[in-house]
Amino acid sequence: MTTAQTASILNAPLLLPCGTTLPNRLAKAAMTEMVADSRNRATDAHVQIYRAWARSGPGLMLTGNVQVDYHNLEHPGNVVIQGKQDAEQLAALRRWSAAAKEHGNHIWMQIAHAGRQTNRFVNPTPKAPSAIPLAIPGVRFGTPVALTHDEIVELIGRFADAAAVARETGFDGVQLHAAHGYLFSQFLSPRSNIRDDEWGGDLASRARFLLESVKAIRSKVGADFPIGIKLNSADFQRGGFSFEDSQIVATWLDEACVDLIEISGGTYEQPSMTNAAGGEPGHDPYASKASRDRESYFGRFGPEMRRHLKRARLMVTGGLRTARGMADAIANDGFDLIGLARPLCLEPDASAALLRGDPIDLVQPTLRIGSGWLGPKSPIKLIRTITGAGSATWYNEQILRLSAGRRPDRNLNFAGAFIRSQLRERRMAKVLDT
Ligand SMILES: Cc1cc2nc3c(=O)[nH]c(=O)nc-3n(C[C@H](O)[C@H](O)[C@H](O)COP(=O)(O)O)c2cc1C
């Protein structure tokens, strides 16, 4: 593929079923910012970070997860929309969306609930579909309490309310986080959802919470407002949400008038979203789909997923590093939009070069505690778990640098970043004003 062909594929506008047109095929994928204030409101740090990313022109930017429950956060620094928003909360959200749109980009708010992946400094007894704790070494996560039927119904209303607030405050769309082991994904997986009421059991019952939430959001925001879903291709865990399940759920989401489905994978127990080794042996029965070299580790699921979708557009995130690899995913794997996360932490201006089709390679450093048994493939589960979690916090430290107007630092010390982030998280959890 020539540079001109690559650029022309990546620069093509994308019309969504609801009637919105995204200016190009690059999306900044959701990354938790962790910079809300002690009342979980958006801050000037959000403004600063999104200005830095917007400048180089990704057509779509997805916010980090905004939560709908003060007691079930992915991080104490998450923005929360729960209950009626006061003038200050609304103004802070408006400043955030306005900064992100200064260059004609679209910004969608990712809405989430952490469920059993809420860390115990925030809440030692979070809510989840069933009372099944994460199988992760250490004491970071408590045993969850199963949601009651009434609480589930209330949460559906909260997702709809949060989407309405997003629209009211200038966000151009919303994305429900139904991947990576967060609450929707916990409902979808038979490993974390063993309910015997209408919210658990067969796939249709496990998907009910997600589909009812989509329906409630659509009725609040109207037909012309984009709704996206981040969905696992699979959990890559034995007995978990499979690719067969994922294709069926995608079909239902398509029928429910969802505009965009972003394919990802994994959970905290098995962090395939960043292609990291999990605590348990990987379960990947889909090797036959890797028939050719692709940058994206989820790209192999594109052609089959595409066949199930009549209206919804398809996005892929995970491992994409060159303009040519991105154009290839669009031209040959049935994707419409390319998600970029870690590369934009280190190269916040990369989108402009990619849109020109420049042959840049956004190669990522190998992050690890040490070599040998201290490496990412260590035989020790705790080391693998810390390496996975530590890599995410290393990138988050880069986002914090952006929020302070500083350049990213490729040489940032891994262990130092991990320890700093742990201390910050505990400090922030202590002063949460809920
Ligand atoms: C620091 C960091 C924070 C993340 N936060 C979120 C998040 O809030 N919501 C989400 O859906 N994914 C989140 N992710 C996952 C990314 O969106 C993406 O799926 C993953 O990093 C793979 O894409 P990449 O190879 O381009 O980095 C996060 C990833 C990183 C590195």
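The values are calculated or read from the model by the stated rules, or taken from the named source; none is laboratory data. In this text, all values refer to a predicted model and were calculated from it rather than measured experimentally. All Cβ positions, glycine included, derive from the backbone under ideal geometry; neighbour counts span all protein chains shown.
In segment 354-374, the residues that are under 18 Å from SER296 (Cβ atoms) and within 12 Å of the ligand (Cβ to nearest atom) form Cβ pairs under 7 Å with partners that are part of a loop (DSSP other than H, G, I, E, B) and acidic (Asp, Glu), at six or more places apart or across chains, as follows: LEU362/GLU347. Applying a threshold of 6 Å to beta carbon distances and a minimum spacing of six or more residues, or different chains, the list of pairs starting in segment 325-352 at a residue that is under 22 Å from ALA312 (Cα atoms) and ending at one that is more than 11 Å from the ligand (Cβ to nearest atom) and among the polar types (S, T, N, Q) reads ALA327/THR6. Within segment 348-369, the set of residues being within 12 Å of ALA323 (Cα to Cα), within 22 Å of the chain's Cα centre (by Cα) and not small (Gly, Ala, Ser) comprises LEU354, LEU362.
If you go through segment 306-326 and keep only what is under 21 Å from ALA30 (Cα atoms) and either at pLDDT below 95 or not hydroxyl-bearing (Ser, Thr, Tyr) (or both), you end up with ALA312, ARG313, LEU314, MET315, VAL316, GLY318, GLY319, LEU320, ARG321, ALA323, GLY325, MET326. Of the residues contained in segment 80-94, none is found to be closer than 27 Å to ALA429 by Cβ, in a loop (DSSP other than H, G, I, E, B) and touching a Ser or Thr at 6+ places or on another chain (Cβ under 6 Å).
Would you mind stating whether SER219 is among the polar types (S, T, N, Q), over 18 Å from the mean Cα position of the chain (by Cα), on the phi < 0 side of the Ramachandran plot and at pLDDT 95 or above? So SER219 fits the description; yes.
Take segment 19-40 and flag every residue that is away from the ligand (no atom under 14 Å from the Cβ) and surrounded by 20 or more Cβ atoms within 10 Å (Cβ to Cβ).
LEU22, ASN24, ARG25, ASN40 - these are the residues of segment 19-40 that are away from the ligand (no atom under 14 Å from the Cβ) and surrounded by 20 or more Cβ atoms within 10 Å (Cβ to Cβ).
For segment 313-347, the candidate set comprises residues that are under 18 Å from the mean Cα position of the chain (by Cα) and more than 12 Å from the ligand (Cβ to nearest atom); within that set, the residue that is surrounded by the fewest Cβ atoms within 10 Å (Cβ to Cβ) is ARG313.
One residue stands out in segment 398-421 among those that are in contact (Cβ under 8 Å) with a residue 60 or more places away in the chain, under 10 Å from LEU346 (Cα atoms) and part of a helix (DSSP H, G or I): the one that is farthest from the ligand (Cβ to nearest atom), namely LEU402.
Residues in segment 98-125 that are touching a Gly at 6+ places or on another chain (Cβ under 6 Å) and surrounded by 24 or more Cβ atoms within 10 Å (Cβ to Cβ): TRP108, GLN117. For the criterion of being in contact (Cβ under 8 Å) with a residue 12 or more places away in the chain and small (Gly, Ala, Ser), ALA87 fails. Checking each residue of segment 152-160 against the condition of being outside any helix (DSSP H, G or I) and of a type outside the set (Val, Ile, Thr) gives no match.
Among the candidates SER246, SER242, SER205, SER185, which residue alone is away from the ligand (no atom under 16 Å from the Cβ), within 21 Å of PHE301 (Cα to Cα) and among the hydroxyl-bearing types (Ser, Thr, Tyr)?
Details: SER246 fails: away from the ligand (no atom under 16 Å from the Cβ); SER205 fails: within 21 Å of PHE301 (Cα to Cα); SER185 fails: away from the ligand (no atom under 16 Å from the Cβ).
The unique qualifying residue is SER242.
Out of the residues in segment 253-283 meeting the condition of being of a type in the set (D, E, K, R) and either within 15 Å of the ligand (Cβ to nearest atom) or modelled with pLDDT under 95 (or both), tell me which one is farthest from ARG384 (Cα to Cα). By that ranking, first place goes to GLU262.
Out of the residues in segment 380-404 that are small (Gly, Ala, Ser) and in contact with a helix residue (DSSP H, G or I) (Cβ under 6 Å, 6 or more places away or on another chain), state the one that is surrounded by the most Cβ atoms within 10 Å (Cβ to Cβ). Here the answer is GLY390.
Considering only residues that are part of a loop (DSSP other than H, G, I, E, B) and β-branched (Val, Ile, Thr), look in segment 41-69 and name the one that is nearest to the ligand (Cβ to nearest atom). Taking the candidates together, the pick is THR63.
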